[in-house]
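All remarks here apply to the structure that follows.
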Amino acid sequence: MTVLEIVRRYTAEDENSTLSCGGNISFLDLQLGEKVLDLGCGRGEETLQAATLVGGDGFAWGLDITPKMIERAQDRADQVSIKNVGFILSSMEEIPIGEESLDAVLSNCAINHVEDKVAVYREIHRTLKSGGRFVVSDIMTETPLPSEIKQDPEAVASCFGGAITVKEYEEVLVSAGFDKIEILKERHYVKNGYKMISRTFKGRKL
């Protein structure tokens, strides 16, 4: 699925469309003064929460590939007068933030949309400080999805077609430099007849 196809999907009329499913910011245990990035931030709800948690001496960025989502996120920040926040229009494979700049990275149900997941995690590794951590929620499968599902833009946009197997996902993390992962929660379910896994996990840059 191309970036353009994802953007089209999430700039439709549906006001509830978002690349972020939310709900895991508490696992990051953010501290005052920290710098944090929310990948696939959608309308920026958790980015704004992060900005509040790190305080005025800290900073939170939200990154999304959808111009309308970035616009809405910035509007929300302006409405609540949160100043230590910024929103970046970019793909996750090339994060426009310097090396070892971040204390923490958050992403909720967004990385599955990206074909080159190794590139995403290498960027997370690059931008994290030594000892920095990430918390990600994403979907995986028990067995590989058929190629026709993986190549279907609607299936990918529906948080389904972009999923890879648990084994493949774990290999992606190791390849990017994260070889010690803590599973925080996991749910098994069936979607369109395929066994899926929703997993939230935490890693550190050692």
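The values are calculated or read from the model by the stated rules, or taken from the named source; none is laboratory data. Fair warning: this is a prediction, and the values are worked out from it, not measured in the lab. When we count neighbours, we look across all protein chains shown, and the Cβ atoms used for this are built from the backbone with ideal geometry, even at glycine.
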Flagged in region 44-65 as in a loop (DSSP other than H, G, I, E, B) and touching a Ser or Thr at 6+ places or on another chain (Cβ under 6 Å), in numbering order, are Ile65
Quick count over region 139-172, residues being in contact with a helix residue (DSSP H, G or I) (Cβ under 6 Å, 6 or more places away or on another chain) and closer than 17 Å to Glu123 by Cα, is 1
For Thr143, the lone unmet condition from (1) part of a loop (DSSP other than H, G, I, E, B); (2) in contact with a Ser or Thr (Cβ under 8 Å, 6 or more places away or on another chain); (3) among the hydroxyl-bearing types (Ser, Thr, Tyr); (4) within 26 Å of Phe59 (Cα to Cα) is (4)
Requested in this report: Would you mind stating whether Ile164 is under 22 Å from Arg187 (Cβ atoms), modelled with pLDDT of 95 or more and over 15 Å from the mean Cα position of the chain (by Cα)?
Outcome: yes
Within region 109-125, of all residues that are out of contact with any Asp or Glu (no Cβ under 7 Å at 6 or more places or on another chain) and not aliphatic (A, V, I, L, M), the one surrounded by the fewest Cβ atoms within 10 Å (Cβ to Cβ) is Glu115
Given (1) among the aliphatic types (A, V, I, L, M); (2) in contact with a Gly (Cβ under 7 Å, 6 or more places away or on another chain); (3) surrounded by fewer than 23 Cβ atoms within 10 Å (Cβ to Cβ), Leu102 misses just (3)
When region 161-181 is checked residue by residue, the ones that are within 22 Å of Val135 (Cβ to Cβ) and either part of a loop (DSSP other than H, G, I, E, B) or of a type in the set (Phe, Trp, Tyr) (or both) are Gly162, Ala163, Tyr169, Ala176, Gly177, Phe178, Asp179, Lys180
Glu94 within 18 Å of Thr66 (Cβ to Cβ), surrounded by fewer than 17 Cβ atoms within 10 Å (Cβ to Cβ), without any contact (Cβ under 8 Å) to a residue 60 or more places away in the chain and of a type outside the set (S, T, N, Q) = yes
Reported set for region 24-43 where residues are touching a strand residue (DSSP E or B) at 6+ places or on another chain (Cβ under 8 Å) and either within 22 Å of Leu89 (Cα to Cα) or in a helix (DSSP H, G or I) (or both) is Ile25, Phe27, Leu28, Glu34, Lys35, Val36, Leu37, Asp38, Leu39, Gly40, Cys41, Gly42
